[in-house]
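Novice: Here it is, the structure in full.
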Amino acid sequence: FSTDSTFRCGSVEAARASASADAPTWQYQFEHFVPGKEAQGAAHSFEVPYVFGNLSRTGFSAADYGPADAALSDLMVSYWANFAKRGDPNGP
């Protein structure tokens, strides 16, 4: 509840306002459970290693990442790179 009320609710309302003004609007919801941290759910910031392609087994965001995690990270990196390059997360 606290994560949704702090982060999600406001971003959903901002996206609705942007879209209703006919502005290009994208939003994502990360629901993947990080290996070994399943009990924490898809907590705030758990997507960061995936976004930056930094699936490390040591350090702050360490986990027992596997091939499915690497594939998800590759996909997320491409969407974020597309957004940074073109203002649209979708590929050509």
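The values are calculated or read from the model by the stated rules, or taken from the named source; none is laboratory data. Values in this document were obtained by computation on a predicted structure and should not be read as measured data. Glycine also receives a Cβ, built like all others from the backbone with ideal geometry; neighbour counts cover every protein chain displayed. Quick note on the areas: whole protein, heavy atoms, side chains included, nothing else; ligands and nucleic acids left out. Shrake-Rupley method; radii C 1.70, N 1.55, O 1.52, S 1.80 Å.
Novice: Considering the values (1) -0.53, -0.61, -1.01; (2) -0.35, -0.40, -0.78; (3) -0.50, -0.57, -0.86, which represents log10 I(q)/I(0) by the Debye sum over Cα atoms at q = 0.13, 0.14, 0.19 Å⁻¹ as calculated for the structure under consideration?
Specialist: Computed from the coordinates, log10 I(q)/I(0) by the Debye sum over Cα atoms at q = 0.13, 0.14, 0.19 Å⁻¹ corresponds to (1).
Novice: Before rounding to the nearest 500, sum -39500 (n - 2.57) across all DSSP H runs of length at least 4 in the chain and divide by the residue total; then give [θ] at 222 nm in deg cm²/dmol.
Specialist: That calculation yields -12000 deg cm²/dmol at 222 nm.
Novice: Work out the FRET efficiency for Asn54 and Ser5 from their Cβ-Cβ distance, taking R0 = 25 Å, and round it to the nearest 0.05.
Specialist: Between Asn54 and Ser5 the formula returns 0.30.
Novice: Another question, if that's okay. Cα axis of helix 9-20 to longest principal axis of the chain: angle in degrees, 0 to 90, nearest 10?
Specialist: 40
Novice: Hey, any idea what % of the chain's accessible area is carbon plus sulfur with a 1.4 Å probe?
Specialist: 59
Novice: At a 10 angstrom cut-off on C-beta neighbours, averaged per residue, how do the peptides 83-92, 67-76 rank from highest to lowest?
Specialist: Top to bottom by mean Cβ count within 10 Å: 67-76, 83-92.
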